[in-house]
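First the structure, in the form of structure tokens, and then the observations on it.
Derivation of every value follows stated rules applied to the coordinates shown; laboratory data play no part. Since we're looking at a predicted model, the values are computed, not measured. Virtual Cβ from ideal backbone geometry, glycine too; neighbours counted across all protein chains shown.
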Amino acid sequence: MSKTIHEINEKIKAGKAIVVTAEEVIGMVEENGYKKTAETVDVVTTGTFGPMCSSGVFVNFGHSNPPIRMAKVTLNDVPAFAGLAAVDAYVGATEMSLKRGMEYGGAHVIEDFIAGKDIALHAESYGTDCYPRKEIDTYVNKDNVNQIYMFNPRNCYQNYAAATNSTGKTIYTYMGTLLPHYGNVTYSTAGELSPLLNDPEYRTVGLGTRIFLGGGVGYVAWEGTQHNPDRERTENGIPTLGAGTLALIGDLRGMSTEFIRAGVFQKYGITLYVGVGIPIPILDEEMLAKVAVKNKDIYTHIVDKSGKVDLDVLVNYEQLRSGQVELNGKKVSTAPLTSLIKSRIIADKLKSWILAKDFLLTEKVSDLPVHNKVNTLDIRG
Amino acid sequence: MKKIKVTFEFPPNGIKQPLTYHLIKDFDLMLNILNADVSLNRTGRLVMDLQGEEEKLEAALKWVEEQGIAFKLFEKEVIWNEEKCIHCGACTAVCPSGALSMDDKTWNLKFDQEKCLICELCIKTCPLGVMGLNGDSLFIDSYRSE
């Protein structure tokens with residue numbers, strides 16, 4: 001028996017759709033089997049809330065009188081990219097404050113915009129015949145600008161290597177603080193609840209898919225940068241390293257600071273915690289089998305983030321979640337970096353939107369690539 | 001009986017007396033070493049819980065001072081701004097005592113103040129800036145409200 005997205009949407013509109021989260025569906029399958037659960041369940045919701053550096057926001061500030069062709073822009077002393085039309089700019093999450101350095105950056109500007117705060121805008125220009133103004137200082141907020149939308153070139157990494165440190169010194173990385181002599185292992189995933197681990201071959205998720213983004217509604221805009229679907233996969237189709245990625249877009253005005261937060265990794269830099277939830281339509285038993293995946297069947301590699309030792313340790317997320325894994329014959333503590341409780345709240349929220357008929361599923365407009373070559377940057381002289 | 005948490009700071013040339021022996025034998029104290037960083041010819045640091053009769057504790061600290069060892073009672077403590085916390089777990093990667101841990105059912109962060117050594121590693125590690133010392137500013141506040 002199979003269902004179409006159109007049929008599922010009709011059930012949602014009629015208030016008859018059965019929607020569960022990617023964690024809840026596991027128990028249903030255990031109780032009722034794949035066939036019966038596939039017939040019952042219409043939509044499975046996923047969620048993740050982790051640090052996603054490749055994120056940012058486009059803003060159009062509106063024109064002043066006399067107008068300015070902004071060439072250099074800062075927001076709360078954080079430089080924004082202004083190499084666009086006169087009053088367009090892009091605030092990148094990892095950009096650092098000119099005055100406060102790593103303590104405050106693009107991610108904090110984004111969080112402050114969402115919170116509705118006034119942001120100090122400073123812009124400079126060389127002046128043109130049509131844009132004579134050379135400097136401007138004012139305040140902007142999400143309500144007095146024209147457009148303000150998030151566009152994240154790479155979110156939702158399908159999987160990610162766990163990290164450790166072989167050296168004798170603590171190292172500070174985007175995977176957190178890694179203690180000397182394999183003193184700890186950090187990992188970043190929502191595991192069995194994570195969006196692309198529930199649709200590992202991108203059967204339903206594609207360009208145009210409507211999603212939960214940062215507390216509001218967003219869309220899959222494109223494949224994410226470094227999208228690498230050709231990674232090694234286990235029998236269930238799940239990659240054992242970072243594979244697929246998504247470029248996401250969504251109106252910042254619908255977002256909440258509950259689901260978008262700025263963060264700073266010590267001695268590494270600024271990042272943005274992004275909350276993403278993707279609904280998976282249960283088209284048939286095969287799709288159900290994918291969303292019923294468990295942590296023990298999702299594997300990742302542990303890598304040495306100092307780059308000194310070529311570790312090749314394969315572990316599953318049930319082991320990582322247990323708090324300890326075995327590494328070189330010793331027990332090593334593990335620590336998560338993705339908030340699982342927030343990921344659960346996101347999957348639950350998306351579920352409640354669908355049940356309230358506020359959110360309908362979309363057919364993808366086009367497929368994500370299932371093959372892709374990822375290049376390295378060669379140094380040419 | 002009274003319990004205090006104290007840091008001893010040894011001068012680089014060390015001490016002549018076996019400190020823990022005297023604290024136990026002469027002052028009848030129960031002690032628990034929480035953190036020690038002592039090496040030859042360097043300023044050393046020893047963090048301990050001391051438990052005993054109040055007057056004996058006082059006498060012990062007086063004696064310690066006479067040996068040329070500086071001490072500092074813990075007045076500050078690590079505080080957790082739970083409301084702003086996202087419960088990611090990054091702090092649990094560095095906490096040496098297990099004071100910070102994840103609840104394996106709810107995946108909420110748990111903070112057991114009793115186990116805290118006040119090493120302050122979590123304060124620097126927390127990406128959200130929600131760990132602090134009481135008395136200090138807890139997190140990066142909004143840019144304009146300063």
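For this structure, a couple of remarks:
- Percent RCO, i.e. relative contact order, over segment B:78-133, from Cα pairs under 8 Å lying at least 6 residues apart: 45
- Look at the stretch A:175-185: the mean tally of other chain Cβ atoms within 10 Å of its residues' Cβ atoms is 3.
- Residue among A:Ile136, A:Phe49, A:Gln158 farthest towards the positive dipole end of the protein assembly as shown, charges placed on Cβ: A:Ile136
- Normalised per residue, the volume of the convex hull around the Cα set of segment A:62-145 (Å³): 81
- Reference-scaled alpha-carbon Rg (2.2 N^0.38 Å with N residues) for chain B: 1.25
- Taking amide H positions as modeled 1.01 Å from N, with prolines and chain starts lacking one, the residues under 5 Å from A:Leu327 and 5 or more places away or on another chain are A:Val332.
- Residue among B:Ala99, A:Ser352, A:Met70 farthest towards the positive dipole end of the protein assembly as shown, charges placed on Cβ: A:Met70
- Rg and Dmax, both from the Cα atoms of segment A:34-82 and both in Å, are 22.5, 67.
- Ranked by the mean number of other Cβ atoms within 10 Å of their residues, highest first, the peptides A:202-210, A:82-90 fall in the order A:202-210, A:82-90.
- Average other protein chain Cβ within 10 Å of Cβ, residues A:261-267: 5
- Per residue, the convex hull spanned by the Cα atoms of segment B:31-74 amounts to 78 cubic angstrom.
- The trypsin sites (Lys or Arg not before Pro) found in segment A:235-313 that occupy coil by DSSP, while having at most 14 further C-beta atoms within 10 Å, are A:Lys267, A:Lys308.
- Counting every other Cβ atom within 10 Å of each residue's Cβ, A:Ser54, B:Ser97, A:Ser322 order from fewest to most as A:Ser322, B:Ser97, A:Ser54.
- In degrees, nearest ten, helix B:54-66 long axis to first principal axis of chain B (Cα): 80
- Over chain B: helical MRE at 222 nm, DSSP H runs n ≥ 4 each giving -39500 (n - 2.57), nearest 500: -4500 deg cm²/dmol
- For chain A, the C-alpha radius of gyration divided by 2.2 N^0.38 Å, with N the number of residues, is 1.06.
- Inter-chain Cβ neighbour average for residues A:244-250, partner chain, 10 Å: 0
- Estimated vicinal HN-Hα couplings, Hz - segment B:101-112 in sequence order (Karplus 6.51, -1.76, 1.60; Gly, Pro = x): 8, 9, 6, 6, 9, 8, 6, 7, 6, 10, 10, 9
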